[in-house]
Every structure is written in structure tokens, then in C-alpha cells.
Amino acid sequence: MENLQTETPLKWMKGWSELYKKQSELSDEELKKLDPSYPVQLFLSFVDTAGLKVLEFASGNGDNAFSLYKAGCIVTGFDASASSIELLKYRAELLGVDSERFQMSLADMLSFLFRQDEFDVVLANQCLQYLFDNTIPKFREIAEKIKPGGWFIYSGNILPHKATEKPIRFITPEEIKDMLKDWKFLSFGTDEILIAEDDLRGYVHFVARKPE
Ligand SMILES: C[S@@+](CC[C@H](N)C(=O)[O-])C[C@H]1O[C@@H](n2cnc3c(N)ncnc32)[C@H](O)[C@@H]1O
């Protein structure tokens, strides 16, 4: 399987693919352990998730998708990295996942099709920003298509952030609040994390519920 060609720079895609290949070399015991992102942890702590239909954009190593599956959700996900999909398939086997409730495919965030009201929950963790000029339109499309009373779980970068060869489209906290005016926030936060020497990065994350 090859990585899909997307607007995301090849070098970045290769970086993530290498990471997923390295993770696939971990022991089966390690690969069974799940480490969901902070907004997903909050969602799992506060919301009755059994039976919810979830769509995850750019599922990566699957920590979020498998955590939601284990909490009773019906999960659909995708990623443009072939090694992500291979890792997800291997972890699904290890975890004894029921394929009726967990489906993953190789797809591009820009062209992945889903219907109005098809999902109760859409999760986009550290990925929408790689749609560049299409980031905001995709954010709006997701918000529009989530079922009434459903949930949007999001994390993305904001400033401070080092300059990148292709400038990332940071969605600011103000833009989020403006686009989700009528939604109820279960959580909304920003962080700054020094991920390496001289590399301080900003993050914004939220869990929000669409009005009924
Ligand atoms: C920073 S990682 C985040 C992965 C995962 N969501 C997480 O939170 O751990 C970014 C992910 O986006 C994927 N990606 C980048 N551009 C993409 C695109 N256009 N369509 C689908 N996936 C893409 C990469 O393969 C990578 O898995």
C-alpha cells in the first residue's frame, strides 16, 4: 500500500509514516495500550458514548479510535498514510475488534464523503490544519453535517508555532467560537507546550455539542 497523494507536503507525510512504522515494531503488549488525546479523555469521562456513531479524520495510530470503540461507539476512520492503515489493521486484530463496529480506510480529508446527520460525533485531532486553504471550509462542513445534539471533538495548533515550509492554517480560538456560536462547550482550552528546545507550540482544543 502507498500513501495517498494529498495537499500535505510529502516530507510531512513521510515523517508520520515513519512514526507509525516504528510504532508497529513495538511489542503486542505495548500496542494493546491506548493513550487517547486530552479532549477524547474528557469526552469519554463525561458523555454516555454507547452506540454513538463516530467519524474520525486522520486516525493516525488509532489511540483515539480504539478508545472510542472500547467505550461502545461505532467507529469509522481514515488516514492518507499507508503505514497508519497497516498499523490500525494490526492493532484491530490484536484488540479483537469487531469489524462491524470499526472501519478504517485510506482516504484524503479533503475528498472523504459523509452524509448530513450520518454521524453523532466527528473527531479531528491535530489534522484539519493540513488542509491549508480548505481548513475553514472543512471545519464548517463538519459542523454543518454533525447530527443535531451530536458532538465535535477537535484539537489543532495555534501560535506560537515555528514557521513551516508550507504555512499551516491555524484556526484561532476566536474563529472557533464564531463558527460554533450556538454550540455548548463541554470543554475549551489552549496550551503552550515546549516540545523540543526552541520549539514552543500553541494548541487549542474543545469538545462541543450541537444544538438539538
Ligand atoms: C499530527 S498527525 C495526527 C494523527 C492523529 N489524529 C492523532 O491525533 O494522533 C496528522 C495525521 O494526518 C494525516 N494526514 C495528513 N494529511 C492528510 C490528508 N490530506 N488526508 C488524510 N490524512 C492526512 C497524517 O497521515 C497523520 O496521520
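The values are calculated or read from the model by the stated rules, or taken from the named source; none is laboratory data. The structure presented is a predicted model; accordingly, all values stated were derived computationally and were not measured. Glycine gets a Cβ as well: all are built from the backbone with ideal geometry, and neighbour counts include every protein chain shown.
Side notes on the structure shown:
Every residue, every condition in (1) within 9 Å of the ligand (Cβ to nearest atom); (2) touching a helix residue (DSSP H, G or I) at 6+ places or on another chain (Cβ under 7 Å); (3) within 26 Å of G15 (Cα to Cα), yes or no:
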{"position": "K32", "(1), (2), (3)": "no, yes, yes"}
{"position": "L44", "(1), (2), (3)": "no, yes, no"}
{"position": "M104", "(1), (2), (3)": "no, yes, yes"}
{"position": "I142", "(1), (2), (3)": "no, no, no"}
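- So Y69, is it over 23 Å from L131 (Cβ atoms), touching a strand residue (DSSP E or B) at 6+ places or on another chain (Cβ under 7 Å), in a helix (DSSP H, G or I) and in contact (Cβ under 8 Å) with a residue 12 or more places away in the chain: yes
- Screening G60, G51 for residues that are touching a strand residue (DSSP E or B) at 6+ places or on another chain (Cβ under 9 Å) and within 9 Å of the ligand (Cβ to nearest atom) leaves exactly one candidate, G60.
- Selected residue (only one of I85, I74 is more than 11 Å from the ligand (Cβ to nearest atom) and in contact with a strand residue (DSSP E or B) (Cβ under 6 Å, 6 or more places away or on another chain)): I74
- Residue check for E174: modelled with pLDDT under 95 and more than 27 Å from L52 (Cβ to Cβ): no
- Checked against the criterion of being more than 16 Å from the ligand (Cβ to nearest atom) and either out of contact with any Ser or Thr (no Cβ under 8 Å at 6 or more places or on another chain) or β-branched (V, I, T) (or both), the candidates S99, S111 yield just one match: S99.
- Wholly within region 93-179, strands (runs of 3 or more DSSP E) carrying at least 3 residues that are crowded, with 16+ Cβ neighbours inside 10 Å and without any contact (Cβ under 8 Å) to a residue 60 or more places away in the chain: 151-158
- Evaluation of E118 against (1) farther than 23 Å from Y38 by Cα; (2) within 16 Å of the ligand (Cβ to nearest atom) (one fails), failing number: (2)
- Filtered by the rule that a residue be among the polar types (S, T, N, Q), within 13 Å of the ligand (Cβ to nearest atom) and either in a loop (DSSP other than H, G, I, E, B) or more than 25 Å from K138 (Cβ to Cβ) (or both), region 9-30 gives a lone residue, Q23.
- Within region 68-78, the set of residues being crowded, with 17+ Cβ neighbours inside 10 Å and out of contact with any helix residue (DSSP H, G or I) (no Cβ under 6 Å at 6 or more places or on another chain) comprises L68, Y69, C73, I74, T76, F78.
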